[in-house]
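The values are calculated or read from the model by the stated rules, or taken from the named source; none is laboratory data. Just so we're clear, the structure is a prediction, and the values are computed from it rather than from any experiment. Heads up, the Cβs are rebuilt from the backbone with ideal geometry, glycines too, and the neighbour counts pull from every protein chain shown.
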Amino acid sequence: MKHWHIDQVAWDRFDPAKVDPAVVPLVKAAAMVERNGTDYAVYLNRVFADDPDFRKAADYWAEEEVQHGDALGCWATLADPAWDYQAAFARYRAGYHLPLDANASIRGSRTGELIARCMVETGTSSYYSALGEATQEPVLREICRLIAADEFRHYKLFYDHMRRYLSRERIGMLRRLKIAAGRVGESEDDELAYAWHCGNEAAEVAYEHDRCTALYMSRAMSFYRFRHIERGMGMIFKAVGLKPRGRLSDLSAKGAWRLMQWRQRRLAARLAA
Ligand SMILES: [Fe+2]
Ligand SMILES: [Fe+2]
């Protein structure tokens with residue numbers, strides 16, 4: 001059962017005067033990635049082929065991700081009635097493929113797969129929290145709040161299954177840290193950059209990874225506040241088995257915050273040039 005339904009959103013409260021034009025392209029890109037959740041569920045079903053409980057949970061999870069895509073797509077269509085959500089998503093699907101034929105996790109173990117999923121949910125929960133708190137448009141605020149709540153629950157779902165597998169697979173701390181850091185680093189891979197391209201650029205424009213990453217990331221990063229990074233760092237620490245609150249997590253959050261600000265300035269400067 002989904003925790004909310006797209007029809008429950010108060011769409012009639014949409015206020016075009018409060019739409020920040022800088023947010024609309026971000027929402028369009030996010031809609032692409034979220035809507036693609038079913039593909040990831042196909043992959044998870046293969047990786048966890050003999051675990052019916054997890055497979056069922058993964059299918060419910062994907063339904064929620066698809067609803068995130070549809071809610072964001074619906075909002076972006078209100079903000080920009082000329083935008084064609086279905087056509088943009090069809091382009092994304094045609095050009096971006098997950099490794100659906102895998103029989104084992106690309107992370108080397110099921111524990112690793114679930115740690116990587118925890119990283120993704122850490123990223124999405126903080127992103128929608130940041131975006132929702134920054135926007136003045138009431139419908140987007142509501143959607144972001146609902147989506148962020150789902151993403152926190154998704155983190156918990158993958159975390160609980162990860163603990164179960166960890167007791168069997170006994171992956172060492174360093175290995176877990178490496179997987180977590182690797183997945184965080186992948187946020188600048190094609191998944192988001194290509195989503196930006198399909199959501200915001202005409203089909204005739206050639207896809208360029210670096211340009212699309214700079215366009216997406218420089219805007220997305222500008223909405224974060226330190227509290228989002230701090231909470232996210234606690235979630236990362238918890239997923240790899242470190243104390244979520246403490247000196248080390250505190251220092252890492254401050255370091256990550258500075259790194260993000262530096263990266264955002266650098267990407268913005270590259271675009272300006
Ligand atoms: Fe989502
Ligand atoms: Fe999620």
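Would a scan of segment 161-180 turn up a residue that is closer than 24 Å to Met32 by Cα, touching a residue at least 24 places away in the same chain (Cβ under 8 Å) and surrounded by 16 or more Cβ atoms within 10 Å (Cβ to Cβ)?
Yes, that holds for at least one residue.
Quick check on Ser125: is it within 16 Å of ligand 1 (Cβ to nearest atom) and either surrounded by fewer than 19 Cβ atoms within 10 Å (Cβ to Cβ) or not β-branched (Val, Ile, Thr) (or both)?
Values: within 16 Å of ligand 1 (Cβ to nearest atom): yes; either surrounded by fewer than 19 Cβ atoms within 10 Å (Cβ to Cβ) or not β-branched (Val, Ile, Thr) (or both): yes.
For Ser125, the condition - within 16 Å of ligand 1 (Cβ to nearest atom) and either surrounded by fewer than 19 Cβ atoms within 10 Å (Cβ to Cβ) or not β-branched (Val, Ile, Thr) (or both) - is met.
In segment 164-178, is there at least one residue being assigned to a helix (DSSP H, G or I) and under 17 Å from the mean Cα position of the chain (by Cα)? Steps first, please.
Of all residues in segment 164-178, those assigned to a helix (DSSP H, G or I) come to 164-169, 173-178.
Going one step further and asking which of them are under 17 Å from the mean Cα position of the chain (by Cα), we end up with none.
There is no residue in segment 164-178 that is assigned to a helix (DSSP H, G or I) and under 17 Å from the mean Cα position of the chain (by Cα).
Restricted to segment 80-102, and to residues that are closer than 24 Å to Asp20 by Cβ and in contact with a Cys (Cβ under 7 Å, 6 or more places away or on another chain), which residue is surrounded by the most Cβ atoms within 10 Å (Cβ to Cβ)?
Looking at the filtered set, the residue picked out is Ala88.
Out of all the residues in segment 147-154, is one or more buried (at least 16 other Cβ atoms within 10 Å of the Cβ), touching a Cys at 6+ places or on another chain (Cβ under 7 Å) and part of a helix (DSSP H, G or I)? Give the derivation first.
The initial filter retains those residues of segment 147-154 that are buried (at least 16 other Cβ atoms within 10 Å of the Cβ), namely 147-148, 150-152, 154.
Of the ones still in play, those that are also touching a Cys at 6+ places or on another chain (Cβ under 7 Å) are none.
The answer is no; no qualifying residue exists.
Determine which member of the set Ala79, Ala130, Ala104 is among the aliphatic types (A, V, I, L, M) and within 15 Å of ligand 1 (Cβ to nearest atom).
Values: Ala79 fails: within 15 Å of ligand 1 (Cβ to nearest atom); Ala104 fails: within 15 Å of ligand 1 (Cβ to nearest atom).
Just one listed residue meets the conditions, Ala130.
For residues that are within 13 Å of ligand 2 (Cβ to nearest atom) and charged (D, E, K, R), scanning just segment 42-94, find the one that is nearest to the chain's Cα centre (by Cα).
Glu65
Can you name the condition, by its number, that Asp7 falls short on among (1) away from ligand 1 (no atom under 14 Å from the Cβ); (2) in contact with a Leu (Cβ under 7 Å, 6 or more places away or on another chain); (3) under 20 Å from Ala79 (Cβ atoms)?
Going through the list (1) away from ligand 1 (no atom under 14 Å from the Cβ); (2) in contact with a Leu (Cβ under 7 Å, 6 or more places away or on another chain); (3) under 20 Å from Ala79 (Cβ atoms), Asp7 breaks only (2).
For segment 39-64, what are the residues that are more than 19 Å from Thr111 (Cβ to Cβ), free of Cβ contacts under 8 Å to residues at least 60 places away in the same chain and within 11 Å of ligand 1 (Cβ to nearest atom)?
Once the filter is applied, which keeps residues that are more than 19 Å from Thr111 (Cβ to Cβ), free of Cβ contacts under 8 Å to residues at least 60 places away in the same chain and within 11 Å of ligand 1 (Cβ to nearest atom), segment 39-64 yields only Ala62.
Only one of (1) under 28 Å from Phe14 (Cα atoms); (2) at pLDDT below 95 is not met by Glu142, so which one is it?
(2)
Which of the following residues is away from ligand 2 (no atom under 16 Å from the Cβ) and touching a Cys at 6+ places or on another chain (Cβ under 9 Å): Ala193, Ala203, Ala214?
Values: Ala203 fails: touching a Cys at 6+ places or on another chain (Cβ under 9 Å); Ala214 fails: touching a Cys at 6+ places or on another chain (Cβ under 9 Å).
From the options Ala193, Ala203, Ala214, the qualifying one is Ala193.
Need the failing condition index for Lys243 against (1) part of a loop (DSSP other than H, G, I, E, B); (2) over 23 Å from Ala180 (Cα atoms); (3) of a type outside the set (A, V, I, L, M), just the number.
Evaluating Lys243 over (1) part of a loop (DSSP other than H, G, I, E, B); (2) over 23 Å from Ala180 (Cα atoms); (3) of a type outside the set (A, V, I, L, M) leaves (2) as the failure.
Of all residues being in a helix (DSSP H, G or I) and surrounded by fewer than 16 Cβ atoms within 10 Å (Cβ to Cβ) in segment 18-38, which is farthest from ligand 1 (Cβ to nearest atom)? Just the residue, please.
The initial filter retains those residues of segment 18-38 that are in a helix (DSSP H, G or I), namely 18, 24-35, 37-38.
From what's left, surrounded by fewer than 16 Cβ atoms within 10 Å (Cβ to Cβ): 18, 38.
On the way: Lys18: 23, Thr38: 12 Å.
Per the criteria, the residue is Lys18.
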